[in-house]
Amino acid sequence: MHTADWGKIRDGKVTDVYFNRAVEILRAKGIHRYVTAEVQCPSFPDDYGYAVLTGIEETARLLEGLKVDVMAMDEGQVFQPGEPVMIISGDYMDFAQYETPLLGLLCQASGIATKAARCKKAAGERTVLSFGARRMHPAIAPMIDRSAYIGGCDGVSVVESAELLGVEPAGTIPHALILVVGDPVEAFRMFDEVVDDSVRRIALVDTFGDEKFEALDAAEALGDRLFAVRLDTPSSRRGDFKRIFQEVRWELDLRGYQHVKMVASGGLDEYSIAELNDVVDSYGVGTSVSNARVIDFSMDIIEIEGEPIAKRGKLSGTKRVLKCDKCSARRVMPESLVNANGDSSVLCVCGGEMKNLLKPLIRQGEVVRELPNPRDIRKYVLEQLK
């Protein structure tokens, strides 16, 4: 297998070699420095105005046992460019070799969760399912689906992912079954006869013929038991995807099948979802989520032995990320200026109290915060998206 197991990651072997060399040099010269480093992203991909922080639980497990203190935002926190999401303090030699895996855990998971959040926000109350695991290495499928679920996807298709999340896997039958059976209607009937009644009857209606005719065949074969039809038409045959859905909807309604819902999948993202919303009830989103652009975090030293210092282009000193509990305004401030207030409180211009989003996660190697389950994190994300 061409993947690193968790033991090697925890041992610091999945790291860029120059961190090993830095530690080798510092150890040889007997140099110990207590440093503070922050993790933040100065800009987001494309037109993103926000991102969803994910990967905190795995990061906590990565750093657990090291002689470090960690402050971090909650997993699922919606944040903005330039806001530190994590602050790590300790002897630099104790955590230098973990920068590479730490950033990897946060960057990819947050990118997936953010794309999923954008798709869910575009879909509104419509269902969005994560169908993208097949586009990535299977070893990381559970991470992909967990991040997608946290970001707002209502369900996932991979069995292992669903078990870890405590949800039922979503999916009905593939084109392959219809091809093997040789007849769509016969495949629909077999599906209805064999698969447990708890699984909604959703017919895939674009295997051999025109979508609206296969949809009518499915409706006639299953009647009231047909919950929805799914169109997964390849782009080479698609033309105007919305127009195809409108035709299918028209023909079904005309013949009394108003109860049958519409499901779209295949090459969808937040932009195509927004265009299809008035004719589609549910979406299966794949590559755009599983292969989402990462949130490009970096980790930079901002203090050494309590003195502010940073490389050019970075702001030195430990910071707080403040959010008003009344109007949700946000502000990044030097911690020293916040503490200078005496009571450490900062008031917003609206009169509300601004509270720090960076909270203790690890103290001297011990995880001190309860890590919530994915369902609760997802609920928190959806509340923020409103």
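Using each residue's phi in the stretch 125-142, evaluate 6.51 cos²θ - 1.76 cosθ + 1.60 at θ = phi - 60° and report the 3J(HN,Hα) Karplus result to the nearest Hz, with x for Gly and Pro.
For the stretch 125-142, the Karplus curve yields 7, 6, 6, 10, 10, 8, 10, x, 4, 5, 8, 10, 4, x, 5, 9, 4, x Hz.
Given the Cα-Cα distance of ARG189 and VAL17 and 0.36 nm per residue of separation, how much length would full extension add, in nm?
Working: separation 172, 0.36 × 172 = 61.92 nm, distance 5.80 nm.
Using 0.36 nm per residue and subtracting the Cα-Cα distance, I get 56.1 nm.
Choose one of PHE95, PHE131, ILE112: the residue whose Cα lies farthest towards the positive end of the charge dipole of the stretch 78-144 (beta-carbon charges +1 Lys, Arg; -1 Asp, Glu; about the Cα centre).
With unit charges placed on the Cβ atoms, the residue in question is PHE131.
How big is the stretch 34-154 in terms of Cα radius of gyration and Dmax, in angstroms?
Cα radius of gyration and Dmax of the stretch 34-154 are 15.3, 50 Å respectively.
So what's the convex hull volume per residue for the Cα atoms of the stretch 221-326, in Å³?
For the stretch 221-326, the hull spanned by Cα atoms encloses 226 Å³ per residue.
Using the number of other C-beta atoms within 10 angstrom as an exposure proxy, rank SER110, SER336 with the fewest first.
In increasing order of surrounding Cβ atoms, one gets SER336, SER110.
Any idea what the alpha-carbon Rg over 2.2 N^0.38 Å comes to for the stretch 70-134?
1.45
With springs connecting C-alpha atoms under 10 Å apart, model the chain as a Gaussian network and identify which of LYS311, LYS261, LYS323 has the largest mean-square fluctuation.
Among LYS311, LYS261, LYS323, the largest GNM mean-square fluctuation belongs to LYS311.
Taking the Cβ of each residue in MET333, MET354 as the centre, tally the other Cβ atoms inside 10 Å and list the residues starting with the fewest. Intermediate results must be reported in sequence, preceding the final value.
Values: MET333 15, MET354 24.
Going from least to most buried by this count: MET333, MET354.
Considering Cα pairs under 8 angstrom that are at least six residues apart, work out the relative contact order of the chain and quote it in whole percent.
The normalised contact order for the chain reaches 23 percent.
If you rank THR233, THR36 by fewest surrounding Cβ atoms within 10 Å, what's the result?
Listing THR233, THR36 from fewest to most nearby Cβ atoms yields THR233, THR36.
For the stretch 150-235, state the semi-axes of the equivalent ellipsoid (square roots of 5 times the eigenvalues of the alpha-carbon gyration tensor), sorted largest first and rounded to whole angstrom.
Result for the stretch 150-235: semi-axes of 24, 15, 12 Å.
Provide the percentage of antiparallel DSSP beta bridges, counting only those with both residues in the chain; round to the nearest 5.
For the chain, the DSSP antiparallel bridge percentage is about 70.
Restricting things to Cα coordinates, could you compute the convex hull volume per residue of the chain in Å³?
Output value, Cα hull per residue: 169 Å³.
Just to be sure I understand the model, the point goes 7 Å from the Cα along the line to the Cβ. What's the resulting ASP278 to MET136 distance in nm?
According to this spin-label approximation, the distance is 3.5 nm.
All of the numbers you see were taken from the coordinates with simple rules; none came from a lab. Predicted, not measured: the structure shown is a model, and the values here were computed from it. With ideal geometry, Cβ positions are generated from the backbone for all residues, glycine too; neighbour counts draw on all protein chains shown.
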